[in-house]
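The structure under discussion appears below in the form of structure tokens.
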Amino acid sequence: MKGLFTALLIPFDENGQIKEEGLRQVVRHNIDVQKVDGLYVNGSTGENFLLTTDQKKFIFETVKDEAKDSVKLIAQVGSLNLEEAVELGRFATELGYDSLSAVTPFYYPFTFEEIKSYYNTIIEETGNDMIIYAIPALTGVAISMEQFDELFANEKVIGVKYTDSNFFALERLRNRYPDKLIYSGFDEMLVYGLLSGVDGAIGSTYNVNGLRSRRIMELCEQNKFEEAYEVQHEANDIIEKVLELGIYQTLKEILNVKGIDAGTTKNPLSSFDPSKRGKVEKLVEDFNL
Ligand SMILES: CC(=O)N[C@@H]([C@@H](O)[C@H](O)[C@H](O)CO)[C@@H](O)CC(=O)C(=O)O
């Protein structure tokens, strides 16, 4: 379960329906061209929180059918509706997903006891492993070291997708839990995560920049940190432009420019502004995406 995982983009049509053939093309592109080690399915990048339960299930099913056992598969099942999270967890587990993941419950000011109960319920009801999806910037939920102690006390909690810029906390977590899986969640900080000893990375830009990101990982493994940092600079030139133009819209447009049917985003997310297509074509050319 170590290595480079793409947070999968999901192609939608103008009516918000999933484009199955496009989804299969995006899966194949990640496996065959970006050569990732795994896919993180129905995460933020997959616009998960805009979908119906049936759409989430269709995605789990289609991705598994296309990927088979060629890469590791993590199913993000987090939901404010715990019954839905359990239903999705059972469904993905029966499909053979290697682990579940779930975002910390958000919106309401949940206590840590409520958050812990949420994770333990999903694990008890599914029997699968769990990777905590911690993203304080979007959920407002920060997990303390002591709280990680309690979550990691459940041996089925195998790790955390650490999407935060607190590298002191990351270093302390790595030091405290050498046997748990820690994934870097911010692609623009991949090299710092690797320096902190993460076991892998999960991110959106690997849909289009997986090969360059793998290079950063390889250089860090070889202790060639200056060279790794140079490649991170290139990756961040791409990420800066992608963020400026709209992250998910632009990542999909890069794939569309390359002839992969990545469709569009789902309402209420706005679709890509076609007047900016020239900027995307230049990005693809300049960085050999
Ligand atoms: C909010 C968001 O999209 N975060 C991305 C990052 O890959 C992010 O897009 C990237 O670092 C650019 O900021 C991932 O952490 C999200 C992720 O793994 C997911 O799709 O669940």
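For the reader, a short list of remarks on this structure follows.
- Reachable lysines, given that their alpha-carbon falls under 30 Å from the alpha-carbon of K156 and they are not under 8 places away in the same chain: K2, K35, K56, K57, K64, K68, K72, K116, K180
- With helices as the sole contributors, the chain gives -15000 deg cm²/dmol at 222 nm; each DSSP H run of n ≥ 4 counts as -39500 (n - 2.57), and the sum is divided by every residue.
- More than 23 Å apart - percent of Cα-Cα pairs taken over the stretch 92-182: 20
- If you model the chain as an ellipsoid using its alpha carbon gyration tensor, with each semi-axis the square root of five times an eigenvalue, the axes come out at 28, 24, 17 Å, biggest first.
- Spatially proximal lysines relative to K279 (Cα-Cα < 18 Å; intrachain offsets below 8 disregarded): K241, K252, K258
- With N the number of residues in the stretch 9-106, Rg(Cα) / (2.2 N^0.38 Å) evaluates to 1.01.
- Alpha-carbon Rg with Dmax, taken over the stretch 137-209, Å: 12.1, 37
- Loop sites by DSSP among the GluC sites (Glu not before Pro) of the chain, restricted to those with at most 14 other Cβ atoms within 10 angstrom, leave 15-154 as the longest stretch without any of them.
- Cα lying deepest toward the dipole's positive end in the chain, options G3, T139, Y107, charges on Cβ: G3
- Average accessible surface for the chain: 43 Å² per residue, computed with a 1.4 Å probe over protein heavy atoms with every protein chain in place.
- Beyond 18 Å, the tail of the calculated P(r) for the stretch 163-289 holds 56 percent of the Cα pairs.
The values are calculated or read from the model by the stated rules, or taken from the named source; none is laboratory data. Computed from a predicted model, the values in this text were never measured in an experiment. Positions of Cβ are generated from backbone atoms using ideal geometry, with glycine treated the same way; all protein chains shown enter the neighbour counts. Side chains are part of the model used for accessible areas, which takes the heavy atoms of the whole protein and leaves out ligands, DNA and RNA. Shrake-Rupley method; radii C 1.70, N 1.55, O 1.52, S 1.80 Å.
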